[in-house]
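This report refers to the structure that appears directly beneath it.
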Amino acid sequence: MNTLTLWFHQFGSPPIFHRVTARLSPWLYASATLIGFIGLYGGLVLAPADYQQSDAYRIIFVHVPCAWMSLFAYFFMAINAFIALVWRIKISEILAMASAPIGAVFTAITLATGSIWGKPMWGTWWTWDARLTSELVLLFLYVGVIGLYNAIEDRRQAARAAAFLALVGIVNVPIVHFSVTWWNTLHQGSTVRLLGPSRIDSSMLWPLLLLALATHVWFFASVFARARVSLLELESGKDWARSAVLGPGAAHD
Amino acid sequence: MRYGTTASACAALIRRDLVLTWRRRGDALNPAMFAMIVVVMFPLALGPEPNQLARIAAGILLVAILLAGMLALDNLFRSDHEDGTLEQLVLSPHPLSLLLASRIIVHWLTTALPLIVVAPLLAEMLHLPRSVLPVLLVALALATPLLSLLGAVCVALTVGMRRSGMLLALLVLPLYVPVLIFAAGACNAAQAGLPFLAPLLWLGAALALALVLAPMACAAALRISIT
Amino acid sequence: MVHVEGETPVPLLHARGLSYARNDESIFGPLDFMLHRGEVVLIEGDNGSGKTTLLKVLSGLLEPATGNILLDGEELTLARLSHQVALMGHLPGLKSDLSAIENLDFTIGVFGLRPGITPALALASVGLEGYEDVAIRQLSAGQKKRVALARLLLVPAALWLLDEPYANLDKEGIDLVNRLLDAHARRGGAALITSHGAYAFTTGAPRRLPLRSVA
């Protein structure tokens, strides 16, 4: 058995997953916060004001990383969903279900910041721009997965059904984006692009990339934290779970 | 021993479903009635001005028919689940995807076809320009089976849930968005005198793909939720 | 005729190391047992001991957590269900808007027909002669059960899995079930039934398979 398979098997074991992520989490949260602060300082204070949009553009430092995360979270969910359905690995089921609410929140932040940005730009709180509309549909996808997961009693069956839905959804995401983009060009109204021309000044680029990194790290910290709790709930009858929570030596009666 | 062939099984299922619909033929008109109610509300809300209605007629019609179809989806598997016949279908040694495809076809015939028949009347009520009507009907003929197929996958995931109405609508919406966009896009383009063939072709391609993939996805989803 | 002396026939059903779990709680197992043609086996267990779940796993409807099932020596999986298995569950499995004969015709279309019997004959064997065209909706619970039994008689399945076959039946109905089981066994079939109470079989006590909840 090569090292990758061995690592995969080990990571898939609930007690090991629990121990490893318990140790990792504080580091992940700390580094995410640190990198985030540096990035925010760079974006909100150091970077110069945009000549067209003055200081209002600075919201992209939150909006863009969150938008990237909303998609990344979905891919992460979909990959784990696939593993969960094909190989029935419990950790993947849990990771997939844990990433759904986090992705949903990132999507909601993307929508809110997009809306806030729209107000000074076009004078409206909402615009049916291709990207915002796609994000809205993405939010519905997330809420659907969460809703389905919560509607079924048997936790493992619920995870499998929601995982199936997530996979159906991921096929749908590019289709929706394509159709909404086409729809936008058909109705000539909002041809304004949210991000402006593709060239972005380096003084604005590095805070953006730092914040993108920070949000990724934060995502993993959160998903591991959620997954740990779900794992304990699911395995509450097992000895390792009891001793992990109640301390070593807690006998199973 | 005469074992049933897959073809005879599908034929038996289609026959059974048609007889069942006939026995409750009053219910079969419900989706059409609902669409009509929705259509009636719009002039009441927006005013009867013909030009204003004509501009949004295609969109209103498509949304009304989509909503009616969504309501009708609920009973695709519900009664079969409640009396145990769904379990027997899953147990049969025939490919479940083919049996489900037969079921979905009959469901479309009995719920969506009345809607398409009623569509010209509703279009007239909304002052849809006559030239757009053929495009609308083609769009409906392509979109409604697509909605049935995609909807069936979501219904399979929620089979057996008591109050699954809202959840079903939530699951189905992201799948319906592209269908609605292309169907309405074709109608609006036709109304504006622009080429409308491309979105119809996209719908046709999606339908061809869905005819093959959706029954299999439906069977897989059913196996997950029936356990 | 069940089997020739001196030969060990391939068992109709062979369950090896079978277990099932839900929400990580073990429902039953691991179980090992064999069922030969001509045998009727009674699965005993308290409420909630997993009898219904066991039948569903044996029919192929549910996938076991561990172990496998051999039907006539070939593996039975969810992907390869067999003509040889018939499951009668709690629900009658009949459409209430259709008549008895229409339901049976549908069953034949999907599952096939055992030679030598027709839907009308099957209904007569279960005591429902004259009820062919009555809608299922209008029948009593006991009569619906009898139609479900008639369905069993029509399909060519060798293995019958019956979940609470005596439920909803009066004394006559119980005798009917026993007679049908005997006839099925004598034809070379086999049956696995679950029941709360122990009912007398016409050919003496059946083999019993206890199913205790796994602690």
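Derivation of every value follows stated rules applied to the coordinates shown; laboratory data play no part. Fair warning: this is a prediction, and the values are worked out from it, not measured in the lab. Cβ: placed from backbone, ideal geometry, glycine included. Neighbour counts: every protein chain shown.
Each helix, a run of at least 4 DSSP H residues, gives -39500 (n - 2.57); summed and divided by the residues of chain A, these come to -27000 deg cm²/dmol at 222 nm. Compared with the dominant principal axis of the Cα atoms in chain B, helix B:133-157 is inclined by about 40°. Considering only alpha-carbon pairs that sit under 8 angstrom and 6 or more positions apart, the relative contact order computed for the range B:6-225 is 27 percent. Taking every lysine pair in the protein assembly as shown that is 8 or more places apart or spans two chains, those with Cα atoms closer than 20 Å amount to 7.
Working note: 222 nm ellipticity from helices only, DSSP H runs with n ≥ 4, each -39,500 (n - 2.57), summed and divided by the residues of chain C, gives -8500 deg cm²/dmol to the nearest 500.
Once the GluC sites (Glu not before Pro) in DSSP loops with at most 12 neighbouring Cβ atoms within 10 Å are cut out of chain C, the longest remaining piece is C:8-128. Its alpha carbons give chain A an Rg and a Dmax of 20.9, 70 Å. Across the range C:1-105, the volume of the C-alpha convex hull divided among the residues equals 156 Å³ per residue. Principal-axis analysis of the Cα atoms of chain A puts helix A:130-151 at an angle of about 20° to the longest axis. Fewest neighbouring Cβ atoms within 10 Å first, the residues A:V229, A:V64, B:V132 line up as A:V229, A:V64, B:V132.
Peptide B:215-223 has a mean shielding of 2, counted as Cβ atoms of other protein chains within 10 Å of each residue's Cβ. Every Cα-Cα pair of the range B:6-225 was included, and the share exceeding 22 Å stands at 51 percent.
When shorter helices are ignored and each DSSP H run of at least 4 residues is given -39500 (n - 2.57), the per-residue value for chain B at 222 nm works out to -28000 deg cm²/dmol. Each of A:M97, B:M36 was scored by other Cβ atoms within 10 Å of its Cβ. Listed from fewest to most, they are B:M36, A:M97. Take the alpha carbon gyration tensor of the protein assembly as shown, find the square roots of its eigenvalues, order them as a ≥ b ≥ c, and report rounded if a/c is under 1.5; if not, report prolate when a/b exceeds b/c, else oblate. Oblate, since a/c reaches 1.5 and b/c is not below a/b. Can you tell me the 0 to 90 degree angle between the C-alpha axis of helix A:60-87 and the longest principal axis of chain A, rounded to 10? It is inclined by approximately 30 degrees.
Neighbouring Cβ atoms from other chains, within 10 Å of the Cβ of residues in B:145-156, number 1 on average.
Shown for chain C are the DSSP H helices of 15 Å or more along their axis, judged by Cα atoms, with a mean Kyte-Doolittle hydropathy of at least -1.0: C:100-111, C:141-154, C:171-186. Shielding by partners for peptide B:168-176, expressed as the average number of C-beta atoms from other protein chains within 10 Å of each residue's C-beta, is 6.
Compactness check for the range C:64-141: Cα Rg over 2.2 N^0.38 Å is 1.38. With q set to 0.09, 0.13 Å⁻¹, the log10 of I(q)/I(0) for chain C, from the Debye formula over equal scatterers at the Cα positions, is -0.35, -0.75.
Each residue in C:E164, B:E49 was given a count of other beta-carbon atoms within 10 angstrom of its own, and listing them fewest first yields B:E49, C:E164.
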